[in-house]
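Presented below is the structure to which this report refers.
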Amino acid sequence: MPICNRGHLQVTPAGIEGNPSQLRIEGARIACEVRTDPRDVLALQASGRAIPPGVSGILLVDTGAGMTAIDESILADLGIPSITDTRVFTPMGSAIQSVYSCSLEFPGSNLPPARSLFVLGADLGSQGIVGLLGRDVLEQAVLVYNGTAGGWTLAF
């Protein structure tokens, strides 16, 4: 079972310890690379067009998000077209957002890639993240958020 352990550490007089405050401030974050959906790669290759390189960034693990969301500017940079629109509900009310298909890889971890994943396009760049890792991916995993130790674990 692939397991990813992450934590926020601090140096104290007692040694190196978890930093719960930093986990509360930053949340559970994981490095990722947003890539073109493998089905679209085949179509690009068949038409002789170049495959765009992936875009690296940080995903925030979000148990409140029913669906993974990726910053819409990244999806546009990758040339990924929207598939459909859907209504989403947030604390600010409801809105219509576009749905895309892409793949996510997790460099620096042994987590498996999420291929042909339907994601919401969202405006997230101003938050310093490329996306939100939602319950659609988390339902396939075990997530442990250890606030007292300042760390978290994700296992597939």
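The values are calculated or read from the model by the stated rules, or taken from the named source; none is laboratory data. Bear in mind the structure is a predicted one, so any value in this text is a computation, not a measurement. Using ideal geometry, Cβ is built from the backbone for each residue, glycine included, and neighbour counts are taken over all protein chains shown. Please note that ligands, DNA and RNA were not included when accessible areas were found on the heavy atoms of the full protein model with its side chains. Shrake-Rupley method; radii C 1.70, N 1.55, O 1.52, S 1.80 Å.
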Practice task
Search region 82-101 for residues that are assigned to a strand (DSSP E or B) and pair each with any residue that is surrounded by fewer than 10 Cβ atoms within 10 Å (Cβ to Cβ) and among the hydrophobic types (A, V, I, L, M, F, W, C) when their beta-carbon atoms are under 9 Å apart and the residues are at least 6 apart or on different chains.
Solution key: 85/96; 86/96; 87/96; 88/96; 95/89
Exercise for the section: Residues being out of contact with any strand residue (DSSP E or B) (no Cβ under 9 Å at 6 or more places or on another chain) and in contact (Cβ under 8 Å) with a residue 24 or more places away in the chain: count how many of those fall in region 113-146. Expected result: 1
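Filter region 1-40 down to the residues that are aliphatic (A, V, I, L, M) and open to solvent by 30 Å² or more (accessible area, probe 1.4 Å) and list them by number. Show your work before the answer.
Initial filter on region 1-40 (aliphatic (A, V, I, L, M)): 1, 3, 9, 11, 14, 16, 23, 25, 28, 30-31, 34.
Of everything in region 1-40, those that are aliphatic (A, V, I, L, M) and open to solvent by 30 Å² or more (accessible area, probe 1.4 Å) turn out to be 1, 3, 9, 11, 14, 16, 25, 31.
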Exercise for the section: Please give the number of the condition residue 90 fails out of (1) of a type in the set (S, T, N, Q); (2) exposed (fewer than 14 other Cβ atoms within 10 Å of the Cβ); (3) closer than 23 Å to residue 3 by Cα. Expected result: (3)
Exercise for the section: Test residue 104 against the criterion of being open to solvent by less than 20 Å² (accessible area, probe 1.4 Å), in a loop (DSSP other than H, G, I, E, B) and closer than 27 Å to residue 7 by Cα, and give yes or no. Expected result: no
Handout entry: Hits in region 1-40 - residues which are modelled with pLDDT under 90, among the hydrophobic types (A, V, I, L, M, F, W, C), under 27 Å from residue 62 (Cβ atoms) and out of contact with any Gly (no Cβ under 9 Å at 6 or more places or on another chain)
Key = 1
Completion exercise
Apart from one, (1) among the polar types (S, T, N, Q); (2) in a strand (DSSP E or B); (3) closer than 14 Å to residue 122 by Cα all hold for residue 56; the odd one out is (3)
